[in-house]
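Worksheet: the structure to be examined is printed underneath.
The values are calculated or read from the model by the stated rules, or taken from the named source; none is laboratory data. What you see is a predicted model, and the numbers here were worked out from it, not measured in a lab. Methodologically, a virtual Cβ is constructed for each residue, glycine included, from the backbone with ideal geometry; neighbour enumeration extends over all protein chains shown. When the accessible area is computed, the model is the full protein with side chains, heavy atoms only, and any ligands, DNA or RNA have been set aside. Shrake-Rupley method; radii C 1.70, N 1.55, O 1.52, S 1.80 Å.
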Amino acid sequence: GPPPPGFFGGPPPGPGGFPPHGFPGDFPPPNAGNRRGGRASRRDDGPPGVSLLVRNVSPDISTQDLTLAFGRIGEVRDVYIPRDYHSQQPKGFAFIEYATPEMAREARDEMDKFLMKGRELEVVYAQEKRKTPVEMRGRVVDGGERGGGSQRRGRGGGG
């Protein structure tokens, strides 16, 4: 006789014939992809900004000048003025690291628009923690065996 209904790709028996929703592995749970959004992740890197980036720094400003000026606000841990590798000319900005985030915040408010050697400073939070992504990428490439130790931190225990 004829094949039973549903045997050759007819509609399957039963209403709908679909598995109940929430079938595992079919769809990722809602907002699984959101956790890695660029917005929240900045907060994870250490305490909120103790490092400030100071722009529009005059070439004749020394780290000592900056230490004195910013030291009025709070305890300055570190002052760094990047220079061009070849010409040794200052690049026109500087990093100031404070002992606490509160000092850094206050200094950002106080020292922004501060006139120093005829230039108005622009003070913002420094995004990077000392190493820029580019430097880190470079380190991996030329690391060779020397870099081996650093991998232990990464995914050590799991498996």
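Among the residues of region 76-90, none is identified as surrounded by 13 or more Cβ atoms within 10 Å (Cβ to Cβ), of a type in the set (D, E, K, R) and in a loop (DSSP other than H, G, I, E, B). For region 91-128, what are the residues that are outside any strand (DSSP E or B), open to solvent by less than 100 Å² (accessible area, probe 1.4 Å) and closer than 12 Å to Val57 by Cβ? Those that are outside any strand (DSSP E or B), open to solvent by less than 100 Å² (accessible area, probe 1.4 Å) and closer than 12 Å to Val57 by Cβ: Gly92, Met111, Phe114, Gly118, Leu121. Looking across region 41-62, the residues that are at pLDDT below 95 and either among the basic types (Lys, Arg) or open to solvent by 60 Å² or more (accessible area, probe 1.4 Å) (or both) come down to Arg42, Arg43, Asp44, Asp45, Pro47, Pro48, Pro59, Asp60.
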